[in-house]
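To start, the structure under review is shown below, and the notes come after it.
The values are calculated or read from the model by the stated rules, or taken from the named source; none is laboratory data. It should be emphasised that the depicted structure is a prediction, and the values quoted were computed from it without experimental measurement. Please note: Cβ atoms are built from the backbone with ideal geometry, for glycine as well, and neighbour counts cover all protein chains shown.
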Amino acid sequence: MDVKEIQDLLPHRYPFLMVDRIVELEPWKKAVGIKNVTVNEPFFIGHFPGNPIMPGVLIVEAMAQVSGIMAFRSGVQGDAVYFMSIEKAKFRKPVVPGDQLRLEVIALQQRGNVWKFSGTALVDGKVVAEADFTAMVLKKENSQRTEDASDNSGKVS
């Protein structure tokens with residue numbers, strides 16, 4: 001899948017679309033995406049100026065976006081995928097401009113619209129980050145109700 005096909009599935013756009021291409025996809029099981037890290041990424045302006053390093057949370061976000069693509073290509077109905085939890089996150093090596101992230105995700109479990117994934121990010125075949133995460137696929141009307149149910153503390157009632 002190229003970026004146009006990815007944009008047909010995900011609601012994310014620049015500067016928050018973190019996947020450039022999908023190179024492997026097995027519905028309900030596995031997906032592999034590519035993110036080309038370039039020096040003109042907006043987060044490099046303020047994340048260690050003079051020593052640009054991709055924030056670890058954005059690497060996890062990139063893995064999650066690949067997972068969302070897999071969920072939608074598996075036939076799951078919805079408009080967006082929302083994090084529920086992130087576990088076992090480890091960042092092993094900095095990701096810098098010029099690196100190409102290979103984002104490998106596998107589905108560990110799926111019940112209804114809730115999925116659990118395991119993701120690994122690699123550069124030149126070496127693991128740079130990994131995490132397990134749980135996400136929920138929702139339609140726009142359901143996500144709006146969740147937002148409407150929040151009070152100022154951010155807790156859902």
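Given the options Val95, Val76, name the one that is within 16 Å of Met18 (Cβ to Cβ) and not hydroxyl-bearing (Ser, Thr, Tyr). Step through it out loud before you land on a result.
Details: Val76 fails: within 16 Å of Met18 (Cβ to Cβ).
Of the residues listed, the single one that is within 16 Å of Met18 (Cβ to Cβ) and not hydroxyl-bearing (Ser, Thr, Tyr) is Val95.
Which residues, counting only those in the range 97-123, are closer than 30 Å to Ile45 by Cβ, β-branched (Val, Ile, Thr) and in contact with a Phe, Trp or Tyr (Cβ under 9 Å, 6 or more places away or on another chain)?
The answer is Val105, and nothing else.
Is it true that Ser67 is at negative phi, hydroxyl-bearing (Ser, Thr, Tyr) and under 12 Å from the mean Cα position of the chain (by Cα)?
Working: at negative phi: yes; hydroxyl-bearing (Ser, Thr, Tyr): yes; under 12 Å from the mean Cα position of the chain (by Cα): yes.
It is true that Ser67 is at negative phi, hydroxyl-bearing (Ser, Thr, Tyr) and under 12 Å from the mean Cα position of the chain (by Cα).
Test Gln110 against the stated conditions and say whether it is closer than 21 Å to Thr134 by Cα and surrounded by fewer than 16 Cβ atoms within 10 Å (Cβ to Cβ). Please lay out each step first, then the result.
Values: closer than 21 Å to Thr134 by Cα: yes; surrounded by fewer than 16 Cβ atoms within 10 Å (Cβ to Cβ): yes.
Judged against the criteria, Gln110 is a match.
Just to check your reading of the model, which residue among Phe72, Phe48, Phe44, Phe91 is without any contact (Cβ under 8 Å) to a residue 60 or more places away in the chain and closer than 21 Å to Ala135 by Cα? It would help to see each step written out before you state the result.
Details: Phe72 fails: without any contact (Cβ under 8 Å) to a residue 60 or more places away in the chain; Phe48 fails: closer than 21 Å to Ala135 by Cα; Phe44 fails: closer than 21 Å to Ala135 by Cα.
Of Phe72, Phe48, Phe44, Phe91, the one residue that is without any contact (Cβ under 8 Å) to a residue 60 or more places away in the chain and closer than 21 Å to Ala135 by Cα is Phe91.
Can you find a residue that is among the polar types (S, T, N, Q) and crowded, with 18+ Cβ neighbours inside 10 Å anywhere in the range 66-73?
Kept after step one, since they are among the polar types (S, T, N, Q), are these residues of the range 66-73: 67.
Still in the running and crowded, with 18+ Cβ neighbours inside 10 Å: 67.
Looking for residues that are among the polar types (S, T, N, Q) and crowded, with 18+ Cβ neighbours inside 10 Å, one finds at least one in the range 66-73, hence yes.
Conditions tested, residue by residue: (1) of a type in the set (Val, Ile, Thr); (2) out of contact with any Pro (no Cβ under 9 Å at 6 or more places or on another chain).
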| position | (1), (2) |
| --- | --- |
| Val39 | yes, no |
| Val60 | yes, yes |
| Val66 | yes, yes |
| Ser74 | no, no |
| Ser85 | no, yes |
| Lys93 | no, yes |
| Asp99 | no, yes |
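Filter the range 70-112 for residues that are hydroxyl-bearing (Ser, Thr, Tyr) and at pLDDT 95 or above and give the result.
Residues of the range 70-112 that are hydroxyl-bearing (Ser, Thr, Tyr), as a first pass: 74, 82, 85.
Ser85, the sole residue that qualifies.
Taking the range 115-145 as the search range and keeping residues that are surrounded by fewer than 15 Cβ atoms within 10 Å (Cβ to Cβ) and at pLDDT below 95, which one is farthest from Val19 (Cα to Cα)?
The selected residue is Arg145.
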